[in-house]
Amino acid sequence: CVGEVGRIGFTSRREIGHGNLAERSLKPVMPTYEEFPYTIRIVSEIMESNGSSSMASVCGGSLALMDAGVPSREHVAGIAMGLILDGERHAVLTDILGAEDHLGDMDFKVTGTRDGITAIQLDLKIEGISFDLLAEALEQARKGRLYILDLMYQALPEPKEMSPHAPRIMSLQIDPEKIGGLIGPGGKTIKKIIADTECSIDVDDDGTVVVANPDARKCQDAVELIRSLTMDPEVGDEFDATVTRIMAFGAFVEFAPGREGLVHISELDWNRTERVEDVVKIGDKVKVRLIRIDDQGRFDFSRKVLLPKPENYVEGRHGHGDRRPHRSGGPHHRSGGHHSGNRRKRY
């Protein structure tokens, strides 16, 4: 705050007021926590000013956010309007100086974007003003704000990329009922994701998952693994799966970390398959489509529906019969070491 005299080291009431106004001005364009899960702190040091230092803080803060790589939606500019009354005559002043603020009858601060106002603060030294005067002041403030915004967009039209040295943090929301499946028995599932991606993962009881790593690509890989693990597959969805087990009646494939389904021998190929090993082996990568979810939540996949059907193929001639016994134990049970004692758990 310009001209503020007081003890060094303590925040004055005027500084707090200016900070609150700047915060209210910038808050509408700030990204959500899911978009940008970082703590943001803006420090505005005014060395000298013959205008409104709080409006300078708004303009400088908006530029600083984009310069730091914060994905704010738009620039915000502010301007202070003044008023001189002399009987029936009046003059609305744009971007008032210190003397005009001291001698004038109004200090009207208006901040906003090109689309509208984000915050206002009105101080009057008179009993009140008419709606016509207020409308005139707002219109002049709009013109001044747009002029400042044009200059700001010329200097910095959009947010920069974050520094490569800044840690990457990503956030996503999952169904709280699936936290146990994400963690896995004894933390097995989530520990595997951490080991594969080298990310730290925090899980809140409300289903908020925060992933952090200096490498943005590794963060994204971890997020994709978590999404695939906690999603609700639907019939018709296609997956790049890995063969994990081979039985006489088909092959089990892992389509997401810790989640398996069965490709019945009759769904491996259009041609008759005598032995599962003739088509796939453990560790093979196969593309499959989900064709059925049974009453117990187990998944049945097909490989052949994604393959070209042979010419002159006759339904039934290449049949395999149903050689599948009852699947006991099922790989789709969900157990985990999730306990609700603490709000957030880090792994």
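The values are calculated or read from the model by the stated rules, or taken from the named source; none is laboratory data. Computed from a prediction, not measured in an experiment: that's the story for all the values here. Counting neighbours? That spans all protein chains shown, and the Cβs are built from the backbone with ideal geometry, glycine included.
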## Note on the structure
Residue pairs qualifying under the 8 Å Cβ cut-off, at least six apart or on distinct chains, with the first in segment 239-253 being under 12 Å from His264 (Cβ atoms) and without any contact (Cβ under 8 Å) to a residue 60 or more places away in the chain and the second being acidic (Asp, Glu) and in a strand (DSSP E or B), are Val253/Glu260
### Query
closer than 19 Å to Asp232 by Cα, buried (at least 17 other Cβ atoms within 10 Å of the Cβ) and more than 16 Å from the chain's Cα centre (by Cα), is that true of Gly184?
yes
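Each row is one residue, and each column tells you yes or no for (1) at pLDDT 60 or above; (2) surrounded by 12 or more Cβ atoms within 10 Å (Cβ to Cβ).
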| site | (1), (2) |
| --- | --- |
| Val305 | yes, yes |
| Lys309 | yes, no |
| Gly319 | no, no |
| Pro331 | no, yes |
### Task
Considering each of Val29, Val70, Val43 in turn, give the residue that is assigned by TED's automatic domain parsing to the domain that holds Val110, in contact with a Ser or Thr (Cβ under 7 Å, 6 or more places away or on another chain) and closer than 27 Å to Ala216 by Cβ.
Val29
### Task
Collect the residues in segment 87-109 that are under 41 Å from the mean Cα position of the chain (by Cα) and under 9 Å from Ser52 (Cβ atoms), keeping them in residue-number order.
Asp95, Ile96, Asp107, Lys109
### Task
Could you check, for segment 205-223, whether at least one of its residues is over 19 Å from the mean Cα position of the chain (by Cα) and not assigned by TED's automatic domain parsing to the domain that holds Glu35?
no
### Message
Out of everything in segment 146-173 that is at pLDDT below 90 and aliphatic (A, V, I, L, M), what residue ends up being farthest from Cys219 (Cα to Cα)?
### Response
Met162
### Task
Would you check which residues across segment 116-142 are in a helix (DSSP H, G or I) and surrounded by fewer than 19 Cβ atoms within 10 Å (Cβ to Cβ) and list them?
Phe131, Asp132, Leu133, Leu134, Ala135, Glu136, Leu138, Glu139, Gln140, Arg142
### Query
Would you pick out the residues in segment 266-285 that are among the β-branched types (Val, Ile, Thr) and either farther than 25 Å from Gly297 by Cβ or over 42 Å from the mean Cα position of the chain (by Cα) (or both)?
Thr273, Val276, Val279
### Message
Checking Lys143 against (1) modelled with pLDDT of 95 or more; (2) charged (D, E, K, R); (3) outside the structural domain of Ile79 (by TED's automatic domain parsing), only one condition comes out false. Which one?
### Response
(3)
